[in-house]
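Please treat every number below as a calculation from the coordinates, not as lab data. Bear in mind that the values here come from a model prediction, so they are computed numbers and not experimental data. Here the Cβ is made from the backbone with ideal geometry for all residues, glycine too, and neighbour counts use every protein chain on show.
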Amino acid sequence: MSDSPILATRGLVKRFGGVTAVDGVDLVITAGEIRCLIGPNGAGKSTLFKCLTHQHQPTSGHVLFEGRDLQGLAPNRIARLGIAIKNQIPSIYANLDVRENIRLAALRRKLPKRELDRVVELALEEIGFDDGRAKQLAVTLSHAHRQWCELGMLLASDPRLALLDEPTAGMTRDEMLKTVDIIKRLNARATVIVVEHDLEFIARLAQRVTVLHRGKVLLEDTMDKIEANETVRDIYLGRRKEAIHA
């Protein structure tokens, strides 16, 4: 892991009318790390993600990627710089099969055909899809398999920074564990930022955790120290565990 930041925000603010969803967030992500963002519903996690890629234009503040200020850039320009986002709802082509979806993602790299074919087959291997599954239409996939298909698309597109919004939502524990393995493979070549609620997932994956609350950064630390923090337990972790046991 490099010591240099790949992404930084400075005083990032996003308002929707009179509601401040992201409130002066300063965030520094080191190249090569996996960072998890957690917080209660309404904390601003997904809005922050969309500000990073300008799906939402920030009201004020700055986003810097590898030292470059992204102000004024459209989402497609940001994607071409090497930032990929996986939103909560998978963005796949329902009427294409899995292999075709992954091939379309890999085409952005403008590779020779032989190399393109190798990249597609490697991505299928990394998400654990055999030839039969690769030929399956995306519309027929289960929820977990749709998520893995999109992760395969990310792997094939080779981003420098991958933003994953709740990649294990709705999954069983076994499916979550497989997703952890896939994300670790992605992290072998890309910095990864994940918004997630599953505490076991976070503990297995994150090197550092950022807690958001009411649009602000409340705390950044390792997961062990986050779990031991009384304020975090009160506003988030405790509520989550109570909900699980209810």
Subject >> Charge tally in the Cβ shell below 10 Å around K86, where Lys, Arg are +1 and Asp, Glu are -1, K86 excluded >> reply: -3
Original post:
For the peptides 177-186, 221-230, what is the packing order when you average, over each peptide's residues, the other Cβ atoms within 10 Å and list the highest mean first?
Top reply: 177-186, 221-230
Subject >> Residue-count net charge about A21 - beta-carbon cut-off 15 Å; Lys, Arg +1, Asp, Glu -1 >> reply: +4
**OP:** Using Cα centres only, tell me the gap between segment 2-70 and segment 97-174 in whole Å.
**Re:** 26 Å
**OP:** Report the one residue of P167, V194, C51 whose Cα lies farthest in the direction of the positive end of the charge dipole of the chain (charges on C-beta: Lys and Arg +1, Asp and Glu -1; origin at the Cα centre).
**Re:** C51
**OP:** Report the Stokes-Einstein translational diffusion coefficient (µm² s⁻¹, integer) for the chain, Rh taken as the Kirkwood radius over Cα pairs, at 20 °C with viscosity 1.002 mPa s.
**Re:** 115 µm²/s
**OP:** Just need the relative contact order of the chain here, percent rounded to a whole number, with Cα pairs under 8 Å and 6+ apart.
**Re:** 26 percent
Original post:
If you take the square roots of the eigenvalues of the alpha-carbon gyration tensor of segment 15-90 and sort them as a ≥ b ≥ c, do you get rounded (a/c under 1.5), prolate (a/b over b/c) or oblate?
Top reply: rounded
**OP:** Take the alpha carbon atoms of segment 72-153, find their radius of gyration, then divide it by 2.2 N^0.38 Å using N residues; give the quotient.
**Re:** 1.11
**OP:** Go through K14/K184; K135/K178; K86/K184 and tell me which ones have a Cα-Cα distance over 23 Å in this structure.
**Re:** K14/K184
Subject >> Net charge, W148 excluded, C-beta distance under 10 Å - Lys, Arg +1, Asp, Glu -1 >> reply: 0
Subject >> CD proxy at 222 nm, helix term only [per DSSP H run n ≥ 4: -39500 (n - 2.57); per residue of the chain; nearest 500] >> reply: -11000 deg cm²/dmol
**OP:** Determine the dipole magnitude for segment 1-148: charges of +1 sit on the beta-carbon of Lys and Arg, -1 on that of Asp and Glu, nothing else is charged, the reference point is the Cα centre, and the result goes in debye to the nearest 20.
**Re:** 480 debye
